[in-house]
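Quick notes on the structure that follows.
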Amino acid sequence: MSKPVIAIHGGAGAITRTALSAEKEQEYIQALSGIVAAGQQILAQGGSALDAVTEAVRLLEECPLFNAGKGSVFTHQGTHELDACVMDGRTCDAGAVAGVSRIRNPILAARAVLESSQHVLFAGEGAEKFAIAHGLEMVAPDFFFTQSRFDQLHRAQAELGRVLLDHDGAEPIDPDSKFGTVGAVALDALGNLAAATSTGGMTNKQAGRVGDTPIIGAGCYANNATVAVSSTGTGEIFMRGVAAYDVSALMEYAGLSLQQASDRIVMEKLLAMGGSGGMIAIDSQGNVALPFNSEGMYRGFGYVGDAPSVGIYR
Ligand code: ASP
C-alpha cells in the first residue's frame with residue numbers, strides 16, 4: 001500500500017513569473033509548504049484523510065493570500081459569499097455550504113453538514129443557522145474584507161463597464177483571471193481518500209451565484225474505489241462538465257489511469273468547453289496528479305516522510 005499523501009491547491013489562473021514579485025512568490029511558497037507539512041503531520045500520526053483535508057483547507061481559508069475564507073473576493077454588490085464542500089471517499093458521504101457570509105471557516109460548516117445532517121448541501125441563511133447550531137465561529141461580514149480584493153473588484157467593475165458598452169449583457173468575469181479557490185485531497189494509512197474545496201467564488205460575480213466548489217462531482221469528489229479530486233477554475237464550465245466526477249468515471253468505467261483521466265478532463269474536455277483552471281487528484285494507489293491548463297496553479301503535495309514539494313508556474 002502507498003504511503004499516506006496529501007496534495008493542496010491555492011487556485012489556478014494567469015499566474016506568471018513576471019506577474020509575481022520575488023517577495024510574493026516566497027510568501028506563497030512558504031504558505032503552501034507549511035500547509036502541506038501540517039497535512040503530512042496529521043497523516044503521519046495516523047489521522048484520517050478526512051481530517052487532513054479539512055485542516056489543510058481550514059489553514060488555507062485562514063491565509064489571506066488565497067481566495068477562500070479571509071481573503072475572499074467580492075461579489076458585484078461588494079459583499080462576500082463563500083462556498084465549501086468536503087467528501088469522504090470511504091463512505092461517499094459529503095457536506096457542503098453555499099453563499100455564506102458570516103461563517104469564519106466554511107469548510108468546518110461543510111464538515112458539520114457531512115457529520116451531523118441527513119442533508120448534503122445547505123445554502124445562505126439556513127447554512128448559517130446550521131453552523132450556529134453546531135457551535136461554529138461566526139464573524140461579521142467585514143471580517144472577510146481585504147484591501148487587495150476590494151481594489152480587484154474596482155478594477156473588475158471598471159473593465160466591466162467597458163465590456164458592457166461593447167458587448168451588451170456580458171457576464172462579469174475576473175479581469176485578473178486568477179482563481180484563488182483552495183482545496184486538498186489525501187490518502188491515509190488505512191487507504192481512505194478524501195477531498196475538500198473552499199472558495200470566495202469569482203470576483204465581481206452576481207450576488208446569489210454559486211460556482212462549482214460546493215457541487216459534488218464538479219468542484220469536489222472522493223471515492224475510495226477510484227480517486228479524490230478538488231477543482232479550481234471557471235466554475236460554470238466545471239459544473240457543466242461535471243469535472244471532478246468525470247475523472248472518477250473515466251477511471252472506473254474506462255480503465256484510464258489517474259494521469260490519463262485527469263489530463264483528458266483538464267487538458268482536453270474543459271479546454272474545449274472554454275474552461276480554464278486545473279485540479280489536484282490522488283488515486284487509491286497514492287498516485288498524485290496536478291494538471292492545469294492555465295499559466296499557473298498554486299499547488300503542493302507530500303508523501304509522509306518526504307519534504308513538501310510545491311509549485312506555482314507551469
Ligand atoms: N471555481 C471557483 C468558482 O467558480 C473559482 C476558483 O476556482 O477560483 O467559484
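Couple of notes before you dig in:
- Simple spin-label estimate for Glu125 and Glu23 gives 4.5 nm between the two label positions (7 Å along the Cα-to-Cβ direction from each Cα).
- Whole-Hz Karplus values for region 97-104 come out as 10, 9, x, 9, 10, 10, 8, 4 Hz, taken residue by residue from phi with 6.51 cos²θ - 1.76 cosθ + 1.60 and θ = phi - 60°; glycine and proline positions read x.
- Per atom type, region 1-155 shows carbon and sulfur on 52% of its accessible surface, probed at 1.4 Å.
- Peptides 262-272, 230-240 ranked from most to least packed, by the mean per-residue count of other Cβ atoms within 10 Å: 230-240, 262-272.
- Solvent accessible area, Å² - Tyr221, 1.4 Å probe, full protein context: 20 Å²
- These residues, His9, His119, go from largest to smallest accessible area, 1.4 Å probe, as His119, His9.
- Accessible area per residue for the chain, computed on protein heavy atoms with a 1.4 Å probe, is 39 Å².
- Taking the average, over residues, of other Cβ atoms within 10 Å as the packing measure, peptides 129-136, 180-187 rank 180-187, 129-136 from highest down.
- Sequence-distant contacts, meaning Cα pairs under 8 Å at least 6 residues apart, place the relative contact order of the chain at 27 percent.
- Calculated FRET efficiency, Ala225 to Ala14, Cβ-Cβ distance, R0 = 35 Å: about 0.45 to the nearest 0.05.
- Taking the chain as a whole, the Cys residues whose C-beta sits 4.7 Å or farther from every other Cys C-beta are Cys63, Cys92.
- Computed [θ] at 222 nm, helices only, for the chain once each DSSP H run of length n ≥ 4 contributes -39500 (n - 2.57): -10000 deg cm²/dmol
- Positive-end residue, the chain charge dipole about Cα centroid, Cβ charges, pick of Gly69, Val120, Pro291: Pro291
- Normalised contact order of region 180-314, rounded percent, pairs of Cα under 8 Å and 6 or more residues apart: 20 percent
- Per-residue packing, averaged as other Cβ atoms within 10 Å, sorts the ranges 86-94, 48-56 into the order 48-56, 86-94, beginning with the highest.
- A full extension of the chain between Gln259 and Tyr313 corresponds to an added length of 17.6 nm, given 0.36 nm per residue minus the alpha carbon distance.
- Overall, the accessible surface of region 198-296 at a probe of 1.4 angstrom is composed of carbon and sulfur to the extent of 52 percent.
The values are calculated or read from the model by the stated rules, or taken from the named source; none is laboratory data. Predicted, not measured: the structure shown is a model, and the values here were computed from it. Here Cβ is always computed from backbone atoms with ideal geometry, including for glycine, and neighbour counts include all displayed protein chains. Protein only, heavy atoms only, side chains kept; ligands, DNA and RNA dropped before computing areas. Shrake-Rupley method; radii C 1.70, N 1.55, O 1.52, S 1.80 Å.
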